[in-house]
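Working notes, beginning with the structure itself.
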Amino acid sequence: MSDPTSGNRPAISGRQELTNYGDPGFSQFMRRAFAKGMGYTDADMRRPVIGICNSWSELNHCNRCLRDVAEAVKRGVWAAGGWPLEFPTISLGEIFLSPTAMLFRNLMAMDAEEMTRAQPVDGVVFLANCDKTTPAYLMAAASADLPAMVVTGGPMLNGRWRGQDLGACTDCRRYWTEYRAGTISDGDLGELEQALFRSAGHCMVMGTASTMASITEALGMTMPGGAAIPAADSARIRFAEEAGRRMVALVEEDLRPSRIMTPGAVDNAIRVLMAIGGSTNAVVHLLAIAGRLGIELPLERFDDLSRETPQVASMRPAGKFQMQELFEAGGIPAVMRELLPLLDGGAMTVTGKTVAENLAATPPSLRPEVVSPLAEPFAPEGGLAILRGNLAPRGAVIKHAAATPALLQHRGRAVVFTSLEDMARRVNDPDLDVRPEDVLVLQGAGPVGGPGMPESGMIPIPRKLLEQGVRDMVRVSDARMSGTAYGTVVLHVAPEAAVGGPLALVRDGDEIALDLANRRIDLLVDDAELARRQAAWTPPPVPAASRRGWGWLHATRVLQADQGCDLDFLRADWQG
Ligand code: FES
């Protein structure tokens, strides 16, 4: 590309946005001079600029593999005639962030969107891996709407311990529960610490990171097959190089996310979510992505498509296998090949071809015990359901595929924890008045109250019940739970307790009814009493993390779970 203000000198990037000195020619001159200062030539500058947006961080275990991925993408970009320029954003590692990575998903999305817009790039490859990094980048791609694709770093290899496969973090939770129950020792726990995380990559069960990588593929925003390749497999690097090559063509075709992430593509993503028994967190993230795109997505769409979509992949925690086996079975293309009669096969993808065209040469599953034929599914419908009732007038989510079937129609006495701190203080108290048939309730863990809606919805079973052999109870909260977690857990109750939702009105001893068959969650207290409690309700104190800076902005503008917990002013329908 040439700069019209400077003869035939190159213009960096085909986009016209410039640093504003009030003199466009000077802006281009300065760009060229500084790029020369980095060692680039005029020939480089005539190429389309491909931003490589990298969430690599040493404080994000799952994204540490992204440096190698970035180098491979760059090789592909150079080979195809582009000019790759890598830039960082903040990175969100689930395990190291306080109070929860979700508090910062929207901040990462804003960072990536703004830097994509402000810098002279013609298109962007977003490098993501851990749970929140993938949806944050999809949200950024949707809002910036420049040609873009996502390349994930891939899952870890299976952990191994005493002859069995381990999965992070389903087995982290399972063995921690056994440790609390006294059935495994300190020494066992030490061995598990060494065995769970065998390689680079994200958690290898169908937790949120695996689910979001799979959904990215179903949305058409990454190249086919990209979700399941293990981080440690050389195929991951070859895939990344191929993505870099394709990205240059994506820019030449001006194929933007708004043409790829259509309502049909969002439905495809929901169907794949159901077919793989994916994470409840995907509901929140897809609602946020749809909100960025201006796509109407009522919560009931998840329930409707769940009822119509057989579960064809047997993935932990809802099934038996992990991402390594899914890769061997043929990855998400094998899943989508089976689902094709239910999918929008005409949806466009980053390959420049439709979903149906991409799948035309895909062979059947190579491991039918992992990915089954559509006619012989592992379950006749998807694993998630949307509940409503007087306890959740704006909805709640349950992953019934990972629950105890006998608890899915249940009435029990509420045992209420008013905050995360209250729960931590009392849940193991030997004097806690709790029985196996009770319903554990956690208030104050929603988007505002948490703050950031932490993954604390899998409320720990009280120790005295654990010691009696109890491993599951009905639990209800406005929190999320990790996609690697399991149990009869009702999540995302909206509106949340901290803004005065009915969850705030539950008291110890109230009766709660979970009725999965009728998609209901109800507090069996009469309306007059609830009205009295509502009138007496006062908001809880503002958490320290929400009193200034990002925390304050988040707390004052975050939407409820039924709208994806995005900030109101980032949605497509925002009237600024
Ligand atoms: Fe990153 Fe599990 S901690 S995916």
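The values are calculated or read from the model by the stated rules, or taken from the named source; none is laboratory data. As the structure is a computational prediction, the values presented were derived from the model and not from experiment. Note: ideal-geometry Cβ built from the backbone for every residue, glycine included; neighbour counts use all protein chains shown. Ligands, DNA and RNA are excluded from the accessible area calculation, which covers all protein heavy atoms including side chains. Shrake-Rupley method; radii C 1.70, N 1.55, O 1.52, S 1.80 Å.
Structure data summary
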read-out	value
Condition broken by residue 127, with the remaining ones in (1) part of a strand (DSSP E or B); (2) among the hydrophobic types (A, V, I, L, M, F, W, C); (3) buried (at least 24 other Cβ atoms within 10 Å of the Cβ); (4) more than 16 Å from the ligand (Cβ to nearest atom) satisfied	(4)
Breaking point among (1) out of contact with any helix residue (DSSP H, G or I) (no Cβ under 6 Å at 6 or more places or on another chain); (2) closer than 30 Å to residue 169 by Cβ; (3) surrounded by 13 or more Cβ atoms within 10 Å (Cβ to Cβ), for residue 511	(2)
Residue match in the stretch 459-479 (condition: out of contact with any His (no Cβ under 6 Å at 6 or more places or on another chain) and within 16 Å of the ligand (Cβ to nearest atom))	no
Scan of the stretch 54-70 for residues that are assigned to a helix (DSSP H, G or I) and free of Cβ contacts under 8 Å to residues at least 24 places away in the same chain, ordered by number	67
The lone exception for residue 21 - which of (1) part of a loop (DSSP other than H, G, I, E, B); (2) within 16 Å of the ligand (Cβ to nearest atom) it fails	(2)
Residue in the stretch 409-430 that is of a type in the set (Val, Ile, Thr) and either part of a strand (DSSP E or B) or more than 28 Å from residue 538 (Cβ to Cβ) (or both) present	yes
Exclusive hit being part of a loop (DSSP other than H, G, I, E, B), crowded, with 24+ Cβ neighbours inside 10 Å, touching a residue at least 12 places away in the same chain (Cβ under 8 Å) and more than 18 Å from the chain's Cα centre (by Cα), set 457, 483, 449	449
Test: residue in the stretch 301-316 that is crowded, with 24+ Cβ neighbours inside 10 Å, among the β-branched types (Val, Ile, Thr) and in a helix (DSSP H, G or I)	no
Failed item, numbered, when residue 173 is tested on (1) surrounded by fewer than 24 Cβ atoms within 10 Å (Cβ to Cβ); (2) at pLDDT 95 or above	(2)
Helices (runs of 4 or more DSSP H) contained in the stretch 170-247 and holding at least 3 residues within 12 Å of the ligand (Cβ to nearest atom) and in contact (Cβ under 8 Å) with a residue 12 or more places away in the chain	170-181, 208-219
Residue 83 vs. criteria over 25 Å from residue 549 (Cβ atoms), open to solvent by 40 Å² or more (accessible area, probe 1.4 Å), of a type in the set (A, V, I, L, M, F, W, C) and more than 16 Å from the ligand (Cβ to nearest atom)	no
Complete set of residues in the stretch 16-65 that are touching a helix residue (DSSP H, G or I) at 6+ places or on another chain (Cβ under 9 Å) and open to solvent by less than 10 Å² (accessible area, probe 1.4 Å)	35, 45, 49, 50, 51, 52, 53, 54, 55, 60, 63
Residue in the stretch 473-495 that is at pLDDT 95 or above, charged (D, E, K, R) and in contact with a helix residue (DSSP H, G or I) (Cβ under 7 Å, 6 or more places away or on another chain) present	yes
All positions within the stretch 98-117 that are open to solvent by 50 Å² or more (accessible area, probe 1.4 Å), within 16 Å of the ligand (Cβ to nearest atom) and touching a residue at least 24 places away in the same chain (Cβ under 8 Å)	99
Hey, residue 504 surrounded by fewer than 18 Cβ atoms within 10 Å (Cβ to Cβ) and either part of a helix (DSSP H, G or I) or polar (S, T, N, Q) (or both) or not	no
Residue 161 being of a type in the set (Phe, Trp, Tyr) and either open to solvent by less than 30 Å² (accessible area, probe 1.4 Å) or more than 16 Å from the ligand (Cβ to nearest atom) (or both)	yes
Subset of the stretch 86-95 [surrounded by fewer than 18 Cβ atoms within 10 Å (Cβ to Cβ), within 16 Å of the ligand (Cβ to nearest atom) and more than 18 Å from residue 453 (Cβ to Cβ)]	90
Test: residue in the stretch 533-553 that is without any contact (Cβ under 8 Å) to a residue 24 or more places away in the chain, open to solvent by less than 70 Å² (accessible area, probe 1.4 Å) and among the charged types (D, E, K, R)	no
Options 39, 51, 76, 81: the member that is assigned to a strand (DSSP E or B) and out of contact with any His (no Cβ under 9 Å at 6 or more places or on another chain)	51
Number of the condition not met by residue 13 [criteria: (1) assigned to a loop (DSSP other than H, G, I, E, B); (2) surrounded by 16 or more Cβ atoms within 10 Å (Cβ to Cβ); (3) touching a residue at least 40 places away in the same chain (Cβ under 8 Å); (4) on the phi < 0 side of the Ramachandran plot]	(4)
Unique residue being closer than 30 Å to residue 111 by Cβ and charged (D, E, K, R) when the list is 557, 519	557
Set 424, 403: member being over 26 Å from residue 316 (Cβ atoms), open to solvent by 10 Å² or more (accessible area, probe 1.4 Å) and of a type outside the set (Ser, Thr, Tyr)	424
